[in-house]
Amino acid sequence: CIVRHGYVVRTWGDQAARGDWMSSSKPLLSTLLFFAIQEKRVPGVNARIQSYGWDLQAKDQAMTFHHLANMISGYARPEQPGAAWAYNDYAINLYRRTLFDRVFHQAPAETVNDPARLGPLQFEDGLSFNDRTRLIASPRDFARICWFWRNEGRWQGKQLLSARFFDRYC
């Protein structure tokens with residue numbers, strides 16, 4: 001679908017068909033991280049992952065949310081955090097599990113659809129997650145998330161997520 005000025009102006013295919021958004025859902029994790037910071041559940045992007053109860057190897061103990069979000073964690077790889085970029089499913093899984101299990105202490109769909117987070121976007125077909133905690137959504141619901149990002153955390157005249165996150169990190 002194509003969205004212009006907040007309106008769907010062109011579609012093709014079934015807009016209600018829900019599917020796995022694969023790597024396109026990774027920015028959603030960072031959006032949740034920003035909500036966690038805003039809610040004071042995480043002190044900032046440079047908070048260490050180890051402080052959320054993970055028993056990490058010595059070389060991974062300096063790893064932060066920033067490292068995980070930017071694919072520079074070195075997790076399950078020989079590099080130190082921050083030393084090299086590498087697409088890393090193990091690191092993304094650690095990022096997901098830390099956010100849902102250790103920060104929000106909620107199921108993924110409950111975390112995302114919370115009225116204080118993305119609930120006000122009123123997803124038409126609903127966001128859910130599969131058994132690997134991957135986002136399942138329709139094109140029109142994912143377009144709502146993209147429009148939320150485009151408007152720097154603002155939805156229907158209300159700032160749900162501070163624009164400072166978009167100014168600084170996006």
Ignoring ligands, DNA and RNA, what percent of the 1.4 Å accessible area of segment 1-90 is carbon and sulfur? 52 percent
In Å², what does the accessible area per residue of segment 77-168 work out to with a 1.4 Å probe? 52 Å²
Trypsin sites (Lys or Arg not before Pro) restricted to segment 24-59 and DSSP loop, no more than 10 other C-beta within 10 Å: 40
Relative counts (whole %) of C-alpha pair distances in the chain, using bins that are 5 Å wide: 1, 8, 17, 20, 20, 15, 10, 5, 2, 1, 0
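Let me have the relative contact order for segment 1-93, percent, based on Cα pairs under 8 Å that are six or more residues apart.
Numbers: 92 pairs, mean separation 13.6, N = 93.
Once normalised by length, the contact order is 15 percent.
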Quick numbers on segment 126-167, Rg and Dmax over C-alpha atoms in Å, give 12.2, 35
Relative to the chain, whose Cα atoms define the longest principal axis, helix 139-150 and its Cα axis are tilted in degrees, nearest 10, by 70 degrees
Please sort 97-103, 110-116, 32-38, 20-26 by packing, taking for each peptide the average over its residues of neighbouring beta carbons within 10 angstrom, highest first. 32-38, 97-103, 110-116, 20-26
As an exercise, identify the chymotrypsin sites (Phe, Trp or Tyr not before Pro) in segment 52-91 lying in DSSP coil whose Cβ has no more than 12 other Cβ atoms within 10 Å. 85, 87
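Using the Cα centre as the reference, give the magnitude of the dipole from point charges on the C-beta atoms of the chain (Lys, Arg: +1; Asp, Glu: -1; all else neutral), rounded to the nearest 20 debye.
420 debye
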So, relative contact order of the chain in percent, Cα under 8 Å, 6 or more apart, is 23 percent
Segment 110-169-segment 1-77 distance, computed between alpha-carbon centres (Å): 12 Å
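The values are calculated or read from the model by the stated rules, or taken from the named source; none is laboratory data. What you see is a predicted model; the values in this text were computed from it and never measured. Backbone-built Cβ (ideal geometry, glycine too); neighbour counts: all protein chains shown. Just so you know, the surface numbers come from the protein's heavy atoms only, side chains and all, with ligands and any DNA or RNA stripped out. Shrake-Rupley method; radii C 1.70, N 1.55, O 1.52, S 1.80 Å.
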